[in-house]
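The values are calculated or read from the model by the stated rules, or taken from the named source; none is laboratory data. This structure is a prediction, so every number in the text was calculated from the model and none was measured. Counting neighbours? That spans all protein chains shown, and the Cβs are built from the backbone with ideal geometry, glycine included. In case anyone asks, the SASA skips ligands and DNA or RNA and just uses the protein heavy atoms, side chains included. Shrake-Rupley method; radii C 1.70, N 1.55, O 1.52, S 1.80 Å.
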Amino acid sequence: MTPSLETKELTIRFGGHVAVDAVSCAFRPATLTAIVGPNGAGKTTYFNLISGQLKASAGRVLVGGEDVSALGAPQRTKRGLGRAFQLTNLFPNLTVLENVRLAIQARRGMGLNLWSIWSEHRVLIGEAEAILERIALTARRDAPASSLPHGDQRKLEVGILLALEPAVFLFDEPTAGMSVDEVPVILDLIRDIRRDPTKTILLVEHKMDVVRELSDRIIVLHNGRLAADGAPADVIASPVVQQAYLGISVDEEQELAS
């Protein structure tokens, strides 16, 4: 089966610093891969190279077998890549509903005109409302995105991704900055996406309990290089990975094993 996403020798240099160093990985549908490693390991930079926010110094990115290395972020989105950022990436002055509706319009190639199709395409509003119900934001449909608390903004960003219907979801620390009460909502949304056998999920996450629960596979980056790749139990159990790459103490190791 052709991978839904593949990187081949993907590399980026900033001056003399190699932030991502010849990383080759293939990702397939019905799989959630967690990408972990210490701060500065290259995780977000790797995501930026995949999604087109950064141009690689060397190597290739393939989506569904198509080489998209020369394409920018918008073109890669049209090829099926969906990206959620560490910091929310919304239209702050538009309402919650409008943010989702514009994503649906973009997916359909209808442009980003806010008003000309409002009365002509009620079906778009219906689709947007269905997504808002799915992400538990129906009550805030008419509120400006900027007025939402941080947790609701993260939910809205996931809603926008759902509206784009990507084949590959890239989540970069989706629970960052969220309260304990808000985290389960985001994780439930990711679980819901994971149930779709046609979808591929890549997840950068520091919370090892989240990684352990959700992932089918763990990749460890260290100094921009691929340091480990395998089943969660195998990667987590590796003393080298725990100490050098994840910073897990002996007590935490015992807790993970229990």
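Scaling the Cα radius of gyration of the stretch 24-93 by the globular reference 2.2 N^0.38 Å produces a ratio of 1.18. Taking the Cα centre of the stretch 122-186 as reference, the dipole from Cβ charges on Lys and Arg (+1) and Asp and Glu (-1) amounts to some 160 debye.
Full extension of the segment from residue 30 to residue 57, taken as 0.36 nm per residue of separation minus the current Cα-Cα distance, would add 6.7 nm.
Apolar share of the accessible surface for the stretch 1-87: 51 percent from carbon plus sulfur atoms, 1.4 Å probe. Helix 183-194 and the longest principal axis of the C-alpha atoms of the chain enclose an angle of approximately 90°. Ligands, DNA and RNA left out, the 1.4 Å accessible surface of the stretch 107-239 is 53% carbon and sulfur atoms. Basic side chains Lys and Arg get +1 at the Cβ, acidic Asp and Glu get -1 at the Cβ, and with that the dipole of the stretch 141-238 about its Cα centre reaches some 180 debye.
Size descriptors for the chain: radius of gyration and Dmax over Cα atoms are 18.8, 62 Å. Rounded to the nearest 10 degrees, what's the angle between the helix 150-164 long axis and the longest principal axis of the chain, both from Cα atoms, 0 to 90? Relative to the chain, helix 150-164 is tipped by roughly 80 degrees. For the chain, the tally of Lys pairs with Cα-Cα distances below 20 Å comes to 8, considering only residues 8 or more apart or on different chains. Please work out the FRET efficiency for the pair residue 231 and residue 188, using the Cβ-Cβ distance as r and a Förster radius of 25 Å; give the result to the nearest 0.05. After rounding to 0.05, the efficiency reads 0.55. The Cα center of the stretch 46-99 and the Cα center of the stretch 129-177 differ in position by 17 Å. Per residue, the chain exposes 46 Å² of accessible surface when a 1.4 Å probe is rolled over the protein heavy atoms with every protein chain present. For the chain, the Cβ-based charge dipole about the Cα centre amounts to some 960 debye (Lys, Arg positive; Asp, Glu negative; other atoms uncharged). Cβ-Cβ distance of residue 133 and residue 209, R₀ of 22 Å, FRET efficiency by 1/(1 + (r/R0)^6): the value works out to about 0.20.
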